[in-house]
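This report concerns only the one structure given below.
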Amino acid sequence: MSVSKSVVALRIGQLVDAGLLDLETPLSTSVMPEWKDTDKANITLRHLLSHTSGLAAERYGTDAETFREGTIEAHALATAVVTPVGENFAYNNNAVDMLAVVARRATSSAMVLDDQLQAGLFGPLDIAGAYWMKDGRGDPRASGELVIRPHDLLKIGRLVLDRGLYEGERLLSESWIDTMLEPGPMKGCGLLWWLDRREGELEVAAYVADGYLGQYIVVVPEFRAVAVRMRDPNATSWDPKEFTYPQFRRDVLQLFTAGSE
């Protein structure tokens, strides 16, 4: 589910680190030239990552068949702007899906996002067997649908905890980690990572990837801790009442109170 968004944010960071994308430059001047001279002309990468693009939130498909046959790219070109760009926070699966197109177009080889992740992130993290559900063109659905093992999510949490380092190898710049985890227009959200505080405190205490049915990565830097939760993969219900554990984020933080060892 939406833990996938937080994983995608790491790959986007690698592209920014490499100078292939820029957070503040309108995408219409680089990877989305079709948006030039439209109401999407001023949308930046930061807008897509911070849920402030103003784009309609409806995704390119509504069921398994239309997900397989439709394409994120065609939908990206047709999607309307429904609120002023950059002015309002509105959680947006559609805008995050579009990051798959942005990432592919940013590379000279037009490598799809999941292959980029395998080469730049999953391979170095020794993550095996992860895969994405894809659209009709072969682009992965960036806002969700990554299939991955829980101990591999732990590695992703460790990468964030160690500010872009994993087993001594730098995979992301510290500057990207700082940018990604800086509060945005909605103070509880950075760039596709949630920011949790303990009750009554102003400082961010945990960085969180949060999936619809109760999947979580919770990173608590003060205590160098990472917690991961997954739902039962054999269950098929989409009812969040059966699987969601909304207190997980709070309960993890409560394990680490002032004076805890």
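Data table
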| read-out | value |
| --- | --- |
| Of F223, N92, L121, farthest towards positive along the dipole that unit charges on Lys, Arg, Asp, Glu beta carbons give the range 3-254 | F223 |
| The chain, helix-only ellipticity at 222 nm - DSSP H runs n ≥ 4, -39,500 (n - 2.57), divided by all residues, nearest 500 | -8000 deg cm²/dmol |
| Backbone HN-Hα couplings from phi across the range 2-11 [Karplus 6.51/-1.76/1.60, Hz, Gly and Pro as x] | 6, 4, 4, 4, 5, 5, 4, 4, 5, 5 |
| Relative contact order [Cα under 8 Å, 6+ residues apart], the chain, whole percent | 19 |
| Rg/Rh ratio calculated on Cα atoms of the chain (Kirkwood radius) | 0.95 |
| Net +/- balance of residues flanking G123 in space, Cβ distance below 13 Å, scoring K and R +1, D and E -1 | -4 |
| Estimated dipole of the range 3-254 in Debye, rounded to 20 [Cβ of Lys and Arg +1, of Asp and Glu -1, Cα centre] | 220 |
| The range 121-196 and the range 1-55: distance between their alpha carbon centers, rounded to Å | 16 |
| Set K5/K241; K155/K187; K40/K241 screened for pairs whose C-alpha atoms are more than 31 Å apart | K40/K241 |
| Over the range 107-224: Kirkwood hydrodynamic radius from C-alpha pairwise inverse distances, Å | 15.6 |
| Selected from L202, L21, L192 as most flexible by GNM, with the chain as the system and alpha-carbon contacts under 10 Å | L202 |
| Under Karplus coefficients 6.51, -1.76 and 1.60, residue-wise ³J(HN,Hα) of the range 127-142 in Hz, glycine/proline x | 8, 10, x, 6, 8, 10, 6, 10, 8, x, 8, x, 7, x, 7, 5 |
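No lab work stands behind these numbers, since they all come straight from the coordinates. Worth saying up front: this structure is predicted, and the values here are computed from it rather than measured. All Cβ positions, even for glycine, are placed from backbone atoms using ideal geometry, and neighbour counts span all protein chains on display.
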